[in-house]
């Protein structure tokens with residue numbers, strides 16, 4: 001794979017990459033509509049493919065928050081055309097890596113030593129390169145280690161990147177700019193946290209220890225003496241990423257076992273720890289030959305406030321939705337309904353959110369759920385498409401929903417998507433207070 005010898009770090013250089021991508025996208029539209037003049041039957045497939053490639057190429061050179069946004073969008077199947085989702089999925093573990101000299105320069109800046117002076121052996125060629133950093137293999141104390149090296153300038157460019165990228169996101173996704181502004185602070189704070197490897201090391205150790213009792217999960221050991229704010233060293237874990245695992249044609253029992261581990265891991269974090277590994281994309285999990293699953297990368301962790309947790313998960317219990325007064329109060333607490341709503345607004349949005357919660361809460365309403373049910377996911381995607389086109393939402397002057405919901409919802413969306421890819425059937429373990437008095441049948 002082609003390597004990068006430098007990463008644009010100045011605001012002007014990074015802005016130029018966004019502008020260049022915008023110009024290319026504009027050219028692709030001109031080419032598309034010129035073809036349509038000759039042949040009206042031409043579809044947008046080629047346009048989407050060209051745009052996805054040009055945008056990804058620009059973001060992959062920028063690294064950092066720009067590439068992280070592509071990674072997040074790749075998880076949201078149904079929001080983007082398939083060409084974008086497939087191309088952006090490369091950012092999960094196969095972005096263009098930094099060149100060897102730039103890696104050595106990074107170590108000398110941080111440690112005053114080259115990697116070969118810190119480790120017994122260090123492979124200068126990266127094994128994986130993703131959005132925030134890339135991973136190298138190294139050896140010390142007779143152990144194989146994984147060394148995550150952050151791209152230069154990433155931490156300093158988060159805020160400016162988000163501001164520059166916003167207009168592109170608005171046009172590409174046809175999103176409401178006010179909705180983006182509402183949640184920009186939450187995204188910004190999480191991306192800044194992801195660039196702080198000291199914080200990631202502490203959280204990695206804390207959550208790994210807190211989840212170590214879940215049989216079948218494997219976590220690496222971390223080494224503070226070989227880590228810094230921009231470099232993180234841990235044990236090397238062998239295993240296959242999700243697509244590689246599925247390519248081995250695993251049995252249904254193997255799929256279910258991995259699916260159950262994923263569900264139990266997230267169930268414990270959310271309902272016991274009240275903080276969660278909020279980056280559930282396939283690049284962060286390794287399926288191992290002995291049936292266990294490795295968990296890596298605790299850069300994005302969402303701490304769930306008690307107030308939000310109590311209100312949000314009350315709605316997941318189907319019994320709550322039978323109590324109209326309680327449901328309305330929770331809708332207000334979570335900012336789904338706002339004081340300036342008219343009576344007709346309250347009826348419209350209450351019915352809308354009831355539909356959404358009933359649909360997304362289906363796995364919680366039963367003891368066992370088959371995530372291989374494509375009809376369920378088609379229903380969810382169709383509903384999301386319906387919402388995106390609904391004039392009442394597009395013309396509303398009110399931005400709805402608590403900011404705390406952004407990463408909690410993203411967590412469940414990513415979890416559901418992985419379980420669907422696995423075609424796994426899982427026992428939906430949950431706290432007693434979340435179980436309906438009369439279990440539903442789905």
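The condition (being part of a helix (DSSP H, G or I), in the same structural domain as residue 405 (by TED's automatic domain parsing), crowded, with 20+ Cβ neighbours inside 10 Å and on the phi < 0 side of the Ramachandran plot) is satisfied by just one residue among 298, 331: 331. Scan the range 334-348 for residues that are modelled with pLDDT of 90 or more and buried (at least 18 other Cβ atoms within 10 Å of the Cβ) and the total you get is 3.
Taking the criterion of being assigned to a strand (DSSP E or B) and either in contact with a helix residue (DSSP H, G or I) (Cβ under 6 Å, 6 or more places away or on another chain) or in the same structural domain as residue 266 (by TED's automatic domain parsing) (or both), the only residue of the range 218-230 that qualifies is 222. Given 175, 201, 237, 192, which one is part of a loop (DSSP other than H, G, I, E, B), over 18 Å from residue 293 (Cβ atoms) and either under 20 Å from the mean Cα position of the chain (by Cα) or modelled with pLDDT of 95 or more (or both)? On inspection, the qualifying residue turns out to be 175. Looking only at the range 253-268, decide whether some residue is in a loop (DSSP other than H, G, I, E, B) and more than 30 Å from residue 119 (Cβ to Cβ). Among the residues of the range 253-268, not one is in a loop (DSSP other than H, G, I, E, B) and more than 30 Å from residue 119 (Cβ to Cβ), which makes the answer no. Of all the criteria given as (1) over 26 Å from the mean Cα position of the chain (by Cα); (2) more than 16 Å from residue 318 (Cβ to Cβ), the one not satisfied by residue 334 is (1). Tell me yes or no: at least one residue of the range 376-386 is more than 25 Å from residue 301 (Cα to Cα), in contact with a strand residue (DSSP E or B) (Cβ under 7 Å, 6 or more places away or on another chain) and buried (at least 17 other Cβ atoms within 10 Å of the Cβ). Looking through the range 376-386, none of the residues is more than 25 Å from residue 301 (Cα to Cα), in contact with a strand residue (DSSP E or B) (Cβ under 7 Å, 6 or more places away or on another chain) and buried (at least 17 other Cβ atoms within 10 Å of the Cβ). Annotation note: of 273, 321, 286, the sole residue that is touching a residue at least 12 places away in the same chain (Cβ under 8 Å), surrounded by 17 or more Cβ atoms within 10 Å (Cβ to Cβ) and out of contact with any strand residue (DSSP E or B) (no Cβ under 8 Å at 6 or more places or on another chain) is 321.
In the range 370-393, the condition of being within 13 Å of residue 315 (Cβ to Cβ), at pLDDT 85 or above and in the same structural domain as residue 303 (by TED's automatic domain parsing) is met by no residue. Scanning the range 213-234 for residues that are more than 17 Å from residue 133 (Cβ to Cβ) and touching a residue at least 24 places away in the same chain (Cβ under 8 Å) gives 214, 216, 217, 218, 219. From the set of residues in the range 92-132 that are in a strand (DSSP E or B) and at pLDDT 95 or above, which is surrounded by the most Cβ atoms within 10 Å (Cβ to Cβ)? Within the range 92-132, the match that is surrounded by the most Cβ atoms within 10 Å (Cβ to Cβ) is 122. Say we look at the range 203-214 and pick out the residues that are out of contact with any helix residue (DSSP H, G or I) (no Cβ under 9 Å at 6 or more places or on another chain) and surrounded by fewer than 15 Cβ atoms within 10 Å (Cβ to Cβ); which of these is farthest from residue 257 (Cα to Cα)? This residue is 209.
The values are calculated or read from the model by the stated rules, or taken from the named source; none is laboratory data. Just so you know, these numbers come straight off a predicted model, no measurement behind them. Using ideal geometry, Cβ is built from the backbone for each residue, glycine included, and neighbour counts are taken over all protein chains shown.
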